[in-house]
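The values are calculated or read from the model by the stated rules, or taken from the named source; none is laboratory data. Computed from a predicted structure; not experimentally measured. Here the Cβ positions follow ideal geometry from the backbone for every residue, glycine too, while neighbour counts run over all protein chains shown.
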């Protein structure tokens with residue numbers, strides 16, 4: 001196993017779930033209860049020093065028990081190392097601790113995840129929609145059950161030359 | 001220059017509730033004013049609204065309202081094959097289409113694990129660096145135009161046209177190029193194009209000096225950029241800023257050096273780094289990067305190896321165009337790649353590329369099907385907007401334009 005993953009396993013035996021190394025990327029899956037602690041450790045510990053947030057993302061797996069996956073990708077500028085920290089949340093309780101108090105840039109990135117996938121972040125200072133309109137009523141567009149062409153409101157438009 | 005926010009308020013505006021008789025200007029109205037800047041504003045480079053809370057002319061809070069150009073590119077990606085997504089990437093950062101193609105193709109190549117022939121790597125690097133010059137020329141012209149220095153705009157656009165004509169010659173399009181392919185590039189340089197590029201490398205350095213002369217002798221431009229939009233290295237890292245915006249604060253984070261890709265490891269160049277973290281330093285970095293890009297193009301043209309410009313992995317890469325019409329196997333290959341696509345292994349990768357505006361990354365999750373299961377774009381403009389409120393606090397309304405400009409923001413990429 002990758003030394004960083006091993007270290008996380010040692011320090012957080014309850015939170016660590018598994019580590020995958022593929023194509024040179026290290027991805028660590030952790031439990032939702034411990035993700036904030038683990039990220040705090042990755043950021044603050046001088047051996048880790050993951051000070052740069054790359055992106056926050058989310059993946060929808062509708063057929064699995066814990067439907068959503070929240071992905072934090074962070075980088076250490078001093079060590080030139082990258083790590084992906086992932087956690088799973090179920091659909092009926094999709095809430096994760098916000099990382100805004102660790103990396104300031106997480107603010108907008110988490111808002112985008114909320115906007116697109118409907119995952120909420122605890123302790124986020126301003127969790128509102130960012131790309132879609134504030135009053136958008138049709139749900140979360142990047143979920144797999146959201147149709148590619150939208151939910152039908154375009155069908156109500158009348159087109160030029162069309163008789164109705 | 002940036003004044004500490006508190007000083008401004010207590011000395012001029014704020015009234016101590018316990019001693020109201022001490023107020024300096026008793027007739028002044030002191031409530032905050034809200035002002036909408038945008039969405040239709042010439043300096044926003046697209047459609048961006050910022051809601052400003054003002055105390056006098058000073059910004060107390062700036063809230064960016066984005067999404068006017070949201071087209072759902074990430075959702076569209078889930079509906080097409082990997083090859084079909086390349087033209088969508090052109091429309092992200094439409095000033096630097098080539099670099100978006102490059103970043104996307106690199107990510108897919110990492111996912112499927114193929115290597116690129118050396119000539120293709122060289123051509124990719126040359127075109128990417130020309131695209132960086134175009135991006136920086138565009139930035140220099142429009143940013144100076146936004147804050148009142150008009151002249152340099154005409155000069156940068158004059159030289160930008162020359163480079164866009166090269167792209168036209170190379171792939172038939174000036175802006176939405178789609179020249180990169182998964183596994184290589186669409187077509188080779190012609191000998192005439194190489195000759196023209198060589199001439200350009202000699203032609204351009206005096207022109208950069210010309211731009212610099214226009215700006216650095218302009219007192220108004222200098223006083224509107226020096227000390228404006230300052231951010232410390234620590235904050236810039238915490239906000240996830242990248243590219244010249246981060247390097248202006250003195251962090252030498254450049255993926256071309258940190259994780260050398262394409263042919264960047266094979267030529268001699270350096271990363272310009274600023275000191276003060278203000279708009280002027282970022283300007284200086286972009287000018288220096290143009291010089292470094294030229295240096296790279298010159299070296300790479302000298303060393304350009306011979307060979308194919310496309311990897312030959314029939315299950316993934318496209319066949320050469322002339323064979324498609326004459327060779328049955330190639331035609332079938334082309335047809336299958338565009339109708340059902342290729343099937344990368346299950347897994348997920350993130351691949352970041354140093355584009356002109358910052359780190360442009362693609363996070364791709366594959367479930368083994370012909371279409372990406374999830375494709376996330378790490379757009380530098382979007383992440384830079386996250387620091388906007390922090391960087392705009394305490395400045396005047398007129399500086400908002402400079403602060404937009406300092407990121408080199410393009411809304412097509414920001415809203416995706």
Open item on the list: Can you tell me which residue is farthest from the chain's Cα centre (by Cα) among those in the stretch B:161-182 that are touching a residue at least 24 places away in the same chain (Cβ under 8 Å) and in a helix (DSSP H, G or I)?
Closed with: B:169
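Quick grid of which residues meet (1) more than 14 Å from residue B:125 (Cα to Cα); (2) buried (at least 18 other Cβ atoms within 10 Å of the Cβ); (3) in contact with a strand residue (DSSP E or B) (Cβ under 9 Å, 6 or more places away or on another chain):
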site: B:268; (1), (2), (3): no, no, no
site: B:275; (1), (2), (3): yes, no, no
site: B:288; (1), (2), (3): yes, yes, no
site: B:307; (1), (2), (3): yes, no, no
Open item on the list: Considering only residues that are part of a strand (DSSP E or B), at the interface with chain B (Cβ under 9 Å from one of its Cβ atoms) and closer than 18 Å to residue B:383 by Cβ, which ones fall in the stretch A:67-87?
Closed with: A:71, A:73, A:75, A:82, A:84
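Can you work out which of the residues in the stretch B:58-78 that are part of a strand (DSSP E or B) and at the interface with another protein chain (Cβ under 10 Å from one of its Cβ atoms) is surrounded by the fewest Cβ atoms within 10 Å (Cβ to Cβ)?
The initial filter retains those residues of the stretch B:58-78 that are part of a strand (DSSP E or B), namely B:58-65.
Then drop every residue that is not at the interface with another protein chain (Cβ under 10 Å from one of its Cβ atoms), which leaves B:63-65.
Details: B:63: 14, B:64: 23, B:65: 16.
Here the residue is B:63.
With respect to residue B:330, is the statement that it is outside the structural domain of residue B:106 (by TED's automatic domain parsing), outside any loop (DSSP other than H, G, I, E, B) and buried (at least 18 other Cβ atoms within 10 Å of the Cβ) true?
Values: outside the structural domain of residue B:106 (by TED's automatic domain parsing): yes; outside any loop (DSSP other than H, G, I, E, B): yes; buried (at least 18 other Cβ atoms within 10 Å of the Cβ): yes.
Yes, satisfied.
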Task: Count of residues meeting criterion [farther than 30 Å from residue B:200 by Cβ and over 30 Å from the mean Cα position of the chain (by Cα)] in the stretch B:295-336 - done: 19
TODO: Need at least 2 residues that are touching a strand residue (DSSP E or B) at 6+ places or on another chain (Cβ under 9 Å) and within 16 Å of residue B:416 (Cβ to Cβ) per element, so show me which strands (runs of 3 or more DSSP E) inside the stretch B:341-382 make the cut, counting only ones lying wholly within it.
DONE: B:359-366, B:374-378
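May I ask you to verify whether residue B:270 is within 23 Å of residue B:378 (Cα to Cα) and not in a helix (DSSP H, G or I)?
Values: within 23 Å of residue B:378 (Cα to Cα): no; not in a helix (DSSP H, G or I): yes.
For residue B:270, the condition - within 23 Å of residue B:378 (Cα to Cα) and not in a helix (DSSP H, G or I) - is not met.
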Open item on the list: So residue B:319 passes all but one of these: (1) surrounded by fewer than 19 Cβ atoms within 10 Å (Cβ to Cβ); (2) within 11 Å of chain A (Cβ to nearest Cβ). Which condition number does it fail?
Closed with: (2)
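Within the stretch B:401-416, which residues are away from every other protein chain (no Cβ under 14 Å) and over 17 Å from residue B:281 (Cα atoms)? Outline the logic, then answer.
Applying the first criterion (away from every other protein chain (no Cβ under 14 Å)) to the stretch B:401-416 yields B:401-406, B:408, B:410.
The one that is away from every other protein chain (no Cβ under 14 Å) and over 17 Å from residue B:281 (Cα atoms): B:410.
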TODO: Could you please find all residues in the stretch B:35-53 being loosely packed, with under 12 Cβ neighbours inside 10 Å and touching a strand residue (DSSP E or B) at 6+ places or on another chain (Cβ under 7 Å)?
DONE: B:36
TODO: Starting from residues that are within 12 Å of chain A (Cβ to nearest Cβ) and surrounded by fewer than 17 Cβ atoms within 10 Å (Cβ to Cβ), keep the ones in the stretch B:338-355 and report whichever is nearest to residue B:366 (Cα to Cα).
DONE: B:346
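Test residue B:121 against the criterion of being farther than 21 Å from residue B:202 by Cα and in the same structural domain as residue B:202 (by TED's automatic domain parsing), and give yes or no.
On the way: farther than 21 Å from residue B:202 by Cα: yes; in the same structural domain as residue B:202 (by TED's automatic domain parsing): yes.
In short, yes.
Go through the stretch B:40-71 and count every residue that is free of Cβ contacts under 8 Å to residues at least 40 places away in the same chain and under 21 Å from the mean Cα position of the chain (by Cα). First the steps, then the outcome.
Within the stretch B:40-71, the subset free of Cβ contacts under 8 Å to residues at least 40 places away in the same chain is B:40-41, B:49, B:51, B:53, B:65.
This time we only want the ones that are under 21 Å from the mean Cα position of the chain (by Cα), so: B:41, B:49, B:65.
Summing the residues that are free of Cβ contacts under 8 Å to residues at least 40 places away in the same chain and under 21 Å from the mean Cα position of the chain (by Cα) in the stretch B:40-71 gives 3.
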- [ ] Kindly list the number of the only condition in (1) away from chain A (no Cβ under 13 Å); (2) under 30 Å from residue B:57 (Cα atoms); (3) surrounded by fewer than 22 Cβ atoms within 10 Å (Cβ to Cβ) that fails for residue B:390.
- [x] (1)
Task: Residues satisfying the stated conditions in the stretch B:254-267, i.e. in a loop (DSSP other than H, G, I, E, B) and on the phi < 0 side of the Ramachandran plot - done: B:254, B:259, B:260, B:261, B:263, B:267
Open item on the list: So, in the stretch B:289-312, how many residues would count as being under 15 Å from residue B:188 (Cα atoms) and assigned to a helix (DSSP H, G or I)?
Closed with: 2
Open item on the list: Looking at (1) within 13 Å of the chain's Cα centre (by Cα); (2) free of Cβ contacts under 8 Å to residues at least 40 places away in the same chain; (3) facing chain B (nearest Cβ under 9 Å), which one does residue A:60 not meet, given that it meets all the others?
Closed with: (2)
- [ ] Among what's in the stretch B:236-262 and is touching a residue at least 60 places away in the same chain (Cβ under 8 Å), surrounded by 24 or more Cβ atoms within 10 Å (Cβ to Cβ) and closer than 17 Å to residue B:129 by Cβ, pick the residue that is nearest to the other protein chains (Cβ to nearest Cβ).
- [x] B:243
TODO: With respect to residue A:55, determine if the residue is within 11 Å of another protein chain (Cβ to nearest Cβ), in contact (Cβ under 8 Å) with a residue 12 or more places away in the chain and part of a helix (DSSP H, G or I).
DONE: no
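Please tell me if residue A:130 is within 11 Å of chain B (Cβ to nearest Cβ) and surrounded by fewer than 22 Cβ atoms within 10 Å (Cβ to Cβ). Full working, then the answer.
Values: within 11 Å of chain B (Cβ to nearest Cβ): yes; surrounded by fewer than 22 Cβ atoms within 10 Å (Cβ to Cβ): no.
Criteria not met by residue A:130.
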Open item on the list: I need the full set of residues from the stretch A:103-125 which are closer than 28 Å to residue A:44 by Cβ, within 9 Å of another protein chain (Cβ to nearest Cβ), in contact with a helix residue (DSSP H, G or I) (Cβ under 8 Å, 6 or more places away or on another chain) and touching a residue at least 12 places away in the same chain (Cβ under 8 Å), in order please.
Closed with: A:103, A:105, A:107, A:108, A:109, A:112
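Yes or no: the stretch B:90-108 includes at least one residue that is assigned to a loop (DSSP other than H, G, I, E, B), within 14 Å of chain A (Cβ to nearest Cβ) and under 27 Å from residue B:303 (Cα atoms). Don't jump to the end; show me each part of the working.
In the first step, residues of the stretch B:90-108 are kept if they are assigned to a loop (DSSP other than H, G, I, E, B); the result is B:91-96.
Filter once more, keeping what is within 14 Å of chain A (Cβ to nearest Cβ): B:92.
Narrowing further to those that are under 27 Å from residue B:303 (Cα atoms): none.
No; the residues of the stretch B:90-108 include none that is assigned to a loop (DSSP other than H, G, I, E, B), within 14 Å of chain A (Cβ to nearest Cβ) and under 27 Å from residue B:303 (Cα atoms).
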